[in-house]
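The values are calculated or read from the model by the stated rules, or taken from the named source; none is laboratory data. Remember, predicted model here, so these are calculated numbers, not experimental data. Neighbour counts are summed over all protein chains in view; Cβ atoms, including those assigned to glycine, are modelled from backbone coordinates with ideal geometry.
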Amino acid sequence: MDWLAYGLAAAAILVMALNVVQAIRLRRAIVGGEVGTKWSVLTFLIAFFFLGYLVSPLAIWFRFPKEILDLMVFAVFLFGAVFVWFVIGIIRDTLAFLKLAK
Amino acid sequence: MTAAPHGETLQQLGAVPGVVGGLLFDGRGEVLASAFPPVFDAAGLRGLAGRLGADGYFQEWMAGENAALDLRYQDGNVAVRAVDGSWLLVLYTAQANAQLLSMSMTQVIRRLRAAGPARSSEPPAAPAPPLERLRAVVTAELGGHAAQALEILNAAGPKPRDLFQAAADVEKLTRLFIDRKKADELGRKMRAILGK
């Protein structure tokens, strides 16, 4: 069962590493403004998640106590919710821009 | 009075160590006289005069006979002085002696005033329409990022209501994708042009 968890963690780390690269590249393409600020927050959160993903296999390997694992899970829930909040903000701004471009 | 004596007066400024060149322009953005080395593109200088002439804040700050503006940058400094309804702009390096430059500019301004108002060789143009002024402000404020905003302005209809809407859209675009403070400033300038 542990090997399946390691496999999933490795796949998650790989995908998240690509996300970090994409997010940094896109940040350079965005000049600034409200969308730029939100994207900076998203980039920070993606980098934070990436660090968390890197640590997650260690949690299995070193058999972290349940209390710490619970904290990690709910921290991911919280930051995930913040992430979604900012994604929705960027989508709303983008829709506003598309309305202008019409 | 033609621009030639003014040009000769400006040439005298060039003798001051550290001074790169001088430009005399009026409120319509017309270059009345220029004394810059050939490496400075004349169209670029005309564009600069046009943008400053169209800038409401610049006109407001530089109103009055003793108006002065000094801008300091890493690569050079710019001094602007009011001269009887027009402005003298001097580009100089950090090596220029500030006191000597100030005295020289005072002398040059005195000579320009004594020579009388300069006129450009072109007939006086009618005030630019609001759309043109909006374009100039947007280009000056957004620089290389102005393309999308100019498209919005170009697509606007001729009615004042359409221009107000286009100006609001440009402000929103700037706020979303470029800079919030710049959006506020741009919005104020565009509303000043549109009289609201």
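For this structure, a couple of remarks:
- Some residue of the stretch B:7-16 being over 17 Å from B:Leu112 (Cα atoms), surrounded by 13 or more Cβ atoms within 10 Å (Cβ to Cβ) and in contact with a strand residue (DSSP E or B) (Cβ under 6 Å, 6 or more places away or on another chain): no
- Flag for A:Met72 being over 30 Å from B:Phe177 (Cβ atoms) and either within 14 Å of chain B (Cβ to nearest Cβ) or under 19 Å from the mean Cα position of the chain (by Cα) (or both): yes
- Residue check for B:Ala146: within 10 Å of chain A (Cβ to nearest Cβ) and of a type in the set (A, V, I, L, M, F, W, C): no
- Extreme residue, nearest to the other protein chains (Cβ to nearest Cβ), among residues of the stretch B:180-192 that are surrounded by fewer than 20 Cβ atoms within 10 Å (Cβ to Cβ) and not basic (Lys, Arg): B:Asp184
- Single residue of B:Thr139, B:Thr174 found to be within 9 Å of another protein chain (Cβ to nearest Cβ), surrounded by 17 or more Cβ atoms within 10 Å (Cβ to Cβ), outside any loop (DSSP other than H, G, I, E, B) and among the hydroxyl-bearing types (Ser, Thr, Tyr): B:Thr174
- Close Cβ contacts (under 6 Å, 6 or more residues apart or on different chains) running from residues in the stretch A:15-41 that are in a helix (DSSP H, G or I) to residues that are among the hydroxyl-bearing types (Ser, Thr, Tyr) comprise A:Met16/A:Tyr53; A:Ala23/A:Thr43; A:Arg27/A:Thr43.
- The stretch A:5-44, residues that are over 30 Å from A:Arg63 (Cα atoms) and small (Gly, Ala, Ser): A:Ala23, A:Ala29, A:Gly32, A:Gly33, A:Gly36, A:Ser40
- Picking from residues in the stretch B:149-169 that are of a type in the set (Gly, Ala, Ser) and surrounded by fewer than 20 Cβ atoms within 10 Å (Cβ to Cβ), the one that is farthest from the other protein chains (Cβ to nearest Cβ) is B:Gly157.
- The listed residue being among the basic types (Lys, Arg), surrounded by 16 or more Cβ atoms within 10 Å (Cβ to Cβ) and at pLDDT 85 or above, out of B:Arg81, B:Arg46: B:Arg81
- Selection status of B:Leu52, assigned to a strand (DSSP E or B) and within 17 Å of the chain's Cα centre (by Cα): no
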